[in-house]
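Okay, so here's the structure we're looking at.
The values are calculated or read from the model by the stated rules, or taken from the named source; none is laboratory data. As the structure is a computational prediction, the values presented were derived from the model and not from experiment. With ideal geometry, Cβ positions are generated from the backbone for all residues, glycine too; neighbour counts draw on all protein chains shown. When the accessible area is computed, the model is the full protein with side chains, heavy atoms only, and any ligands, DNA or RNA have been set aside. Shrake-Rupley method; radii C 1.70, N 1.55, O 1.52, S 1.80 Å.
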Amino acid sequence: MVTIQDVAKEAGVSKATVSYVLSGSNAISEQTTKRVQKAMKKLGYSVNHTARALATAKTNTIAIVAPYRSGNFFSLSRGAYLYALSNAARKFGYDALLLTGENDRQLIVDAVEGRKIDGAILLDIVNDDPRIATAKQLKLPVVLLGKADNTQGLPYVDTDFEYAAEMMIHRLAAFGHKEVVLIGWPQEQYDIQMNYAVRFLQKALECAQSVGIVLRVVYANDETLGASTEITEALCGYPQATAFIIHNDAAVLAAPQVMQGCGLAVPDDISIITVVPDQIATGMKIPYTSFFIDVNAIVDTAMDVLVRQIQQHNTGTETILVKPNFADLGSLSQKN
């Protein structure tokens, strides 16, 4: 049976170095990591997760805590994040456990008391998120995938939605647009202070006022995949609007069909700019100028921060906002 000692000898490193590589620690250089991985492959070494957990008193499992959403709430973004998080956990040498329910705070408590997890990633952060206090009380290594009003010192990683909103408004102003419709998430998301929705909207309103743009806000209910009704009603309700900002997965998917059905050409008749995860933009071939959310970069960063907490290599609170990538697909036109 091949052991860590065998791998270390083959790679010309210490047993500790091999252990760091197995745990996904970024303390080891890429060159050394590749040398260890090559030795593992050559010798046919595989990780015995059960033995490793017993030896280290760790579960080698990370919880992904995603609040339960009742009704017809629809978000492709959530699916993209869940898939990416599960994949990232595997890359760092951990299993992923999805915790979702109406009382996710109790689910966290049960998982910790049952010694099922070593740490957790919290999704769908709201500005006054009660899970933060629970994690603090349990002294559980946690990373917030979102920015709350009071993180209580916990690290967070997210998209820089403020940056995206500011750049969108200034770009539209540079193109001469004076009245713009923002298609947002369902009203409920703003009522519960969902951080990504609120942060983007607040910054967009602030910037629009500063540059003299009238920003009309429409809350698109995701009761159907298309959210097409709200887009059509916005076109009829605000005939003077010359551009749309879309921050809603369903509305992004529906927009091309709605515009075609209304006989509107983009960008000649109406300009459109969106903020959407890059997987959705690529997979669905979104044809609009957009700020693409780099889900993998965000998730990998969050997982790295969490693993360093678990291994007690962290040096303090980390707050990381990842700027989305801009792609000009020609869906904005100049207005007089």
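Dipole magnitude for the chain: about 1620 debye, using +1 per Lys or Arg Cβ and -1 per Asp or Glu Cβ, origin at the Cα centre. For the chain, the mean residue ellipticity at 222 nm estimated from helices alone is -14000 deg cm²/dmol, where every DSSP H run of n ≥ 4 contributes -39500 (n - 2.57) and the total is divided by all residues, rounded to the nearest 500.
Toward the positive end of the charge dipole of the range 200-262, with +1 on the Cβ of Lys and Arg and -1 on the Cβ of Asp and Glu, the farthest Cα among V214, F200, V252 is that of V214. Among the listed pairs K9/K139; K58/K136; K116/K285; K15/K41; K42/K323; K15/K323, which are separated by more than 28 Å between their Cα atoms? Over 28 Å Cα-Cα: K9/K139; K116/K285; K42/K323; K15/K323.
When only Cα pairs below 8 angstrom with a gap of at least 6 residues are kept, the chain shows a relative contact order of 18 percent. Among L76, L138, L122, the residue with the largest mean-square fluctuation in a Gaussian network model of the chain, with springs joining Cα atoms closer than 10 Å, is L138.
GNM, the chain, Cα, under 10 Å: largest mean-square fluctuation among L107, L144, L43? Highest fluctuation among the options: L43. Projecting label points 7 angstrom from Cα along Cα→Cβ for S14 and K41 puts them 2.7 nm apart. Along the range 80-92 the Karplus relation, 6.51 cos²θ - 1.76 cosθ + 1.60 evaluated at θ = phi - 60°, assigns HN-Hα couplings of 4, 5, 4, 5, 5, 5, 4, 5, 5, 4, 4, 4, 8 Hz to successive residues, with x for each Gly and Pro.
One decimal place: the segment L264-D110 gains 50.1 nm when fully extended, by the rule 0.36 nm per residue minus the C-alpha distance. Sorting the segments 79-86, 188-195, 176-183, 28-35 by their residues' average number of neighbouring beta-carbon atoms within 10 angstrom, most packed first, yields 176-183, 79-86, 188-195, 28-35.
Once the C-beta distance of T3 and T100 is scaled by a Förster radius of 41 Å, the resulting FRET efficiency is 0.60 to the nearest 0.05. Using a Förster distance of 41 angstrom, determine the FRET efficiency expected from the C-beta separation of Q137 and E206, and round it to 0.05. FRET efficiency, Q137 to E206: 0.70. Taking every DSSP beta bridge that has both ends in the chain, the antiparallel portion is near 10%. Restricting the calculation to Cα atoms, every distinct pair contributes to the Kirkwood radius of the range 193-336, found to be 17.1 Å.
Rounded to 0.05, the FRET efficiency of the T232 and Y163 pair, given R0 = 30 Å and the Cβ-Cβ distance, is 0.50.
Take the Cα of Y83, step 7 Å toward its Cβ, do the same at D128, and the gap between the two points is 3.6 nm.
A 1.4 Å probe run over the range 53-212, with the rest of the protein chains in place, finds 43 Å² accessible per residue. Per residue, the convex hull spanned by the Cα atoms of the chain measures out at 147 cubic angstrom.
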